[in-house]
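Since the structure comes first, as structure tokens, the remarks are kept for the end.
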Amino acid sequence: MLSLWSVAWSGQPSAATVVALDPGVGAPLDFVEYEAENGATNGRIVGPDRTFATLASEASGRRAVLLEGQGDYVEFTLSAPANALTVRYAVPDGPEGKPIDARLGVYAQSRRISELAVTSRYCCYYGRYPFTKHPADGNGHHFFDHARILLDRVLPAGAVVRLTSDPRPQASWIAIDLVDFEMVPAPLSRPPRSLSVVDFGADPYGELDSREAFTKAMAAASGSRRPVWVPPGHFRLDGHVQVDRVEIAGAGPWYSVLQGDGVGLYGRDAPNPSQAVDIHDLAIIGQVNERDDHKALAGIGGALGGGSRIRDVFIQHVKVGLWLDGPFDGLLVRHVRVLDTTADGLNLHSGISGVIVEDSLFRNNGDDGIASWAEHLANHDIIIRHNTVVAPILANGVAIYGGRDITVSNNLIADTLTEGGGLHLANRFGAVPLSGRIFLKGNMVVRGGSIDPRWHIGIGAVWLFALDVPIKAQIDLQTTTLLDSSEEAMLLFGKRIDGLVVNGLRVDRTGGSLIELRADGSASLSGVWATGIVEPTVRKCSTFQLEWKGSNNGLNSSSVQGC
């Protein structure tokens, strides 16, 4: 298990991009990640750029490699054996937004070993929220997508792997952001006493809709307390399958794949939520290529409580990876990968409690990476820890909209783009106001924050927003690291904010002040270490009172300026 950037930038780094992770920050991941701009290439490196609606601004590290002509390539020397790779890439839309399909050649030791299909059909939104698929609306963004392939061989450490565009390219260019190389184990064995979906008529070749077969298998398994077995194959599910009191076991996310138009596994609706559901070792890959907030198009949805578990699941091309509606209590989400959604990666919505979200990767999500939204009913006793959120195309890395007694710890957030920051606490969107203890500890935000196009102000890497009502909660922000923030490190905005205690804050480089105050209220800060911040230390646009305690280094706490 390898932590994302502790290895990602250790192979062929440039001095401008090396980031040393604090121990235990982010998700433990099963792959080694290589940034394209740090590989060997004859392509054109674009970036760095943080301007919304540019290709480089959406790239991890804000740089990518363009393959524009025949013979252009990017190559990587493997630091560990691998038999699979996942590429984050971009292909331009065709005329009038029509999709373009293309191919990448995969070479090892100068021999072509495979090819990877890439497409623009999941890229490129236009206009303003909720966005369209019409280039004439301008403001094009959401350029990147992922493609993955399981090879028929193991590439040893030291192998040189090259990606190059097809000699007869369909696209005018292909951008490569990064590649994850992974050693995928053999398929898992069928659990004892399990019921196979194939025995109920499911088609493992994906030609027939298997939803009815899955539904029958779920009913039989729930009644007999036997697991449902999803063997290796691609199963088409053109719609949701309801799950309750059942274990759904696959052979692994690279082998057992649920795919289709509207594919999803859904719990029963509250107030009668599903209980004791265990979903593991499979992939859910949809066909959602636009944002429609009126449609339920999550990979996993509904209400799943009573000790339910979601683990070792790969989710891609759905509107939301996991959209869970309360009230319900008792859920574990562990070691999931959620890529290329048109909205949130994960959203805990309305009256959800007793949830742990951990050890998971959220990348290229169309809205918040991870959100807890206490609309109408307070979410509480939520733990969000050891996750990695990279390049959310809109909004925040981790967002807590109301609720009480919530812990956000040891998460890694990077490359937020527009209308959001890295860590966000807010009374907004009709949420039950924040209360109790909101505990944020050991989190790291890299290149966080953005310019908000509505207010034309910077959004901090840490952002507190009292929009609907004042914030009156015990907010403990401890041992937080903010690196290379796009704007100010912290922004306090809106109505009155009280209860914030900052203890241990490391800030290295900002595009603005250490803290900008656009709300009334009070807070205390101690153990602040800062370097490379833009003066003044405090930009004060209100009567907010800061109390500096203990030792603070590298800053002038008396450097205060109005707006």
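The values are calculated or read from the model by the stated rules, or taken from the named source; none is laboratory data. No experiment lies behind these values; they were computed from the predicted model shown. Neighbour counts are summed over all protein chains in view; Cβ atoms, including those assigned to glycine, are modelled from backbone coordinates with ideal geometry. To get the accessible areas, we keep the full protein, side chains included, count just its heavy atoms, and leave off ligands, DNA and RNA. Shrake-Rupley method; radii C 1.70, N 1.55, O 1.52, S 1.80 Å.
Per DSSP helix of 4 or more residues, -39500 (n - 2.57); summed, then divided by the residues of the chain. What does that give at 222 nm, rounded to the nearest 500? Numbers along the way, then the final one.
Working: 2 runs with 19 residues, N = 563.
Calculated mean residue ellipticity at 222 nm is -1000 deg cm²/dmol.
Skip the ligands, DNA and RNA, and give the accessible area per residue of the range 262-350 with a 1.4 Å probe, whole Å². Spell out each step's value before the answer.
Working: 2520 Å² over 89 residues.
Using a 1.4 Å probe on heavy atoms only, each residue of the range 262-350 averages 28 Å².
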Self-check item: Accessible surface, 1.4 Å probe, highest first, among residues 563, 123
Solution: 563, 123
Quiz item: Given the range 440-508 reduced to its alpha-carbon atoms as identical point scatterers, what log10 I(q)/I(0) does the Debye formula return at q = 0.19, 0.21 Å⁻¹?
Solution: -0.78, -0.92
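Rounded, prolate or oblate for the range 428-563? Axes are the square roots of the Cα gyration tensor eigenvalues, ordered a ≥ b ≥ c, and the cut-off for rounded is a/c under 1.5.
Numbers: a/c = 1.39, a/b = 1.21, b/c = 1.15.
Rounded is the answer for the range 428-563, as its axis ratio a/c remains below 1.5.
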Quiz item: Roughly how many Å² of residue 297 are accessible to a 1.4 Å probe, to the nearest 10?
Solution: 40
Quiz item: When the accessible area of the chain is split by element with a 1.4 Å probe, what percent falls to carbon and sulfur?
Solution: 50
Quiz item: Given the chain, what count of lysine pairs have C-alpha atoms under 22 Å apart, with each pair 8 or more places apart or on different chains?
Solution: 12
Practice problem: Whenever you get a sec, line up 480, 77 from highest to lowest accessible area (probe 1.4 Å, protein heavy atoms). | Solution: 77, 480
Exercise. Compute the accessible area per residue over the range 83-219, keeping the other protein chains in place, probe 1.4 Å, unit Å².
Key: 48
Self-check item: Most to least accessible of 37, 375, 535 (protein chains only, probe 1.4 Å)
Solution: 535, 375, 37
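Please give the per residue accessible area of the range 463-536, computed with a probe of 1.4 Å over protein heavy atoms only, in Å².
Working: 2330 Å² over 74 residues.
About 31 Å² of surface per residue is accessible.
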Quiz prompt | Table column - 3J(HN,Hα) (Hz), the range 466-483, Karplus curve with 6.51, -1.76, 1.60, x for Gly and Pro | solution = 9, 7, 6, 9, x, 9, 9, 9, 7, 10, 9, 10, 10, 6, 9, 10, 10, 10
Practice problem: With a 10 Å radius around each residue's Cβ, average the other Cβ atoms per peptide and rank 421-433, 359-371, highest first. | Solution: 359-371, 421-433
